[in-house]
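Down below is the structure, laid out as structure tokens.
The values are calculated or read from the model by the stated rules, or taken from the named source; none is laboratory data. Computed from a predicted structure; not experimentally measured. Every residue, glycine among them, receives a Cβ derived from its backbone with ideal geometry; neighbour counts consider all protein chains shown. For accessibility, only protein heavy atoms count, side chains too; no ligands or nucleic acids. Shrake-Rupley method; radii C 1.70, N 1.55, O 1.52, S 1.80 Å.
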Amino acid sequence: DSGVTQTPKHLITATGQRVTLRCSPRSGDLSVYWYQQSLDQGLQFLIQYYNGEERAKGNILERFSAQQFPDLHSELNLSSLELGDSALYFCASSVPPGRNNEQFFGPGTRLTVL
Amino acid sequence: AQSVAQPEDQVNVAEGNPLTVKCTYSVSGNPYLFWYVQYPNRGLQFLLKYITGDNLVKGSYGFEAEFNKSQTSFHLKKPSALVSDSALYFCAVRDGDYGQNFVFGPGTRLSVLP
């Protein structure tokens with residue numbers, strides 16, 4: 001158990017809908033990262049927050065957004081969902097976001113868009 | 001941009017035999033290399049990392065990795081494979097202005113046969 005929690009575990013929804021994925025980092029970790037894992041794209045970095053502020057963006061679509069709250073939990077919002085958004089979404093956390101440090105991954109949220 | 005290649009989609013080994021999962025990388029600057037393992041329906045678990053120093057890095061569960069700068073490789077090894085090692089293995093390199101995220105390889109599925 002990495003100490004990173006994600007809810008829900010599974011989410012099934014329809015095209016055009018909006019969903020929110022939630023992540024709680026390990027105690028004391030200030031950085032939260034979101035990744036998407038799909039069969040065709042592999043594991044891709046989406047976005048990073050550090051202590052409430054957006055730090056870096058990766059291959060995140062404009063339909064997707066995220067935020068980190070004062071208690072350090074983070075939410076990833078996915079809107080106008082398409083079939084291709086079906087994937088595993090992982091959250092990871094680390095203390096400082098330095099190059100030396102590993103990230104600790106949550107169990108993921110499996111999103112299925114029908 | 002940083003990139004990682006894992007030339008084998010699948011590696012099959014017999015239990016008790018040594019295993020190697022290959023990884024090559026392309027980076028500008030010093031490489032910060034990591035191995036993660038993903039078991040079915042689980043998040044990624046950190047195995048080991050190379051930052052600097054000894055070319056042979058020891059990690060969790062008896063795994064080790066050999067860094068070879070001239071061949072730009074970071075192969076994962078284990079002297080004696082267990083059936084429970086069967087999983088998906090990802091090589092990753094740090095990316096971003098300050099290494100804020102990972103770039104993952106496509107993954108190698110390891111099957112250890114009893």
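Does B:Ser70 meet the test of being assigned to a loop (DSSP other than H, G, I, E, B) and more than 14 Å from chain A (Cβ to nearest Cβ)? It is true that B:Ser70 is assigned to a loop (DSSP other than H, G, I, E, B) and more than 14 Å from chain A (Cβ to nearest Cβ). The set of residues from the stretch B:26-65 being part of a strand (DSSP E or B), open to solvent by less than 80 Å² (accessible area, probe 1.4 Å) and away from chain A (no Cβ under 14 Å) comprises B:Ser26, B:Glu64. Among the strands (runs of 3 or more DSSP E) confined to the stretch A:1-108, the ones with at least 3 residues that are in contact with an Asp or Glu (Cβ under 7 Å, 6 or more places away or on another chain) are located at A:19-24.
Could you please find all residues in the stretch B:75-114 being more than 14 Å from chain A (Cβ to nearest Cβ) and part of a strand (DSSP E or B)? B:His75, B:Leu76, B:Lys77, B:Lys78, B:Leu110, B:Ser111, B:Val112, B:Leu113, listed by residue number.
Condition first: of a type in the set (D, E, K, R), more than 10 Å from every other protein chain (Cβ to nearest Cβ), open to solvent by 40 Å² or more (accessible area, probe 1.4 Å) and within 22 Å of B:Val103 (Cα to Cα). Can you find one or more residues in the stretch A:4-23 that meet it?
Scanning the stretch A:4-23 turns up no residue that is of a type in the set (D, E, K, R), more than 10 Å from every other protein chain (Cβ to nearest Cβ), open to solvent by 40 Å² or more (accessible area, probe 1.4 Å) and within 22 Å of B:Val103 (Cα to Cα).
Here A:Asn59 fulfils each of the conditions (1) modelled with pLDDT under 95; (2) of a type outside the set (Lys, Arg); (3) over 14 Å from the mean Cα position of the chain (by Cα); (4) exposed (fewer than 13 other Cβ atoms within 10 Å of the Cβ) apart from (3). Within the stretch B:31-45, is even one residue in contact with a Ser or Thr (Cβ under 8 Å, 6 or more places away or on another chain), at pLDDT 95 or above and of a type in the set (Ser, Thr, Tyr)? Among the residues of the stretch B:31-45, not one is in contact with a Ser or Thr (Cβ under 8 Å, 6 or more places away or on another chain), at pLDDT 95 or above and of a type in the set (Ser, Thr, Tyr), which makes the answer no.
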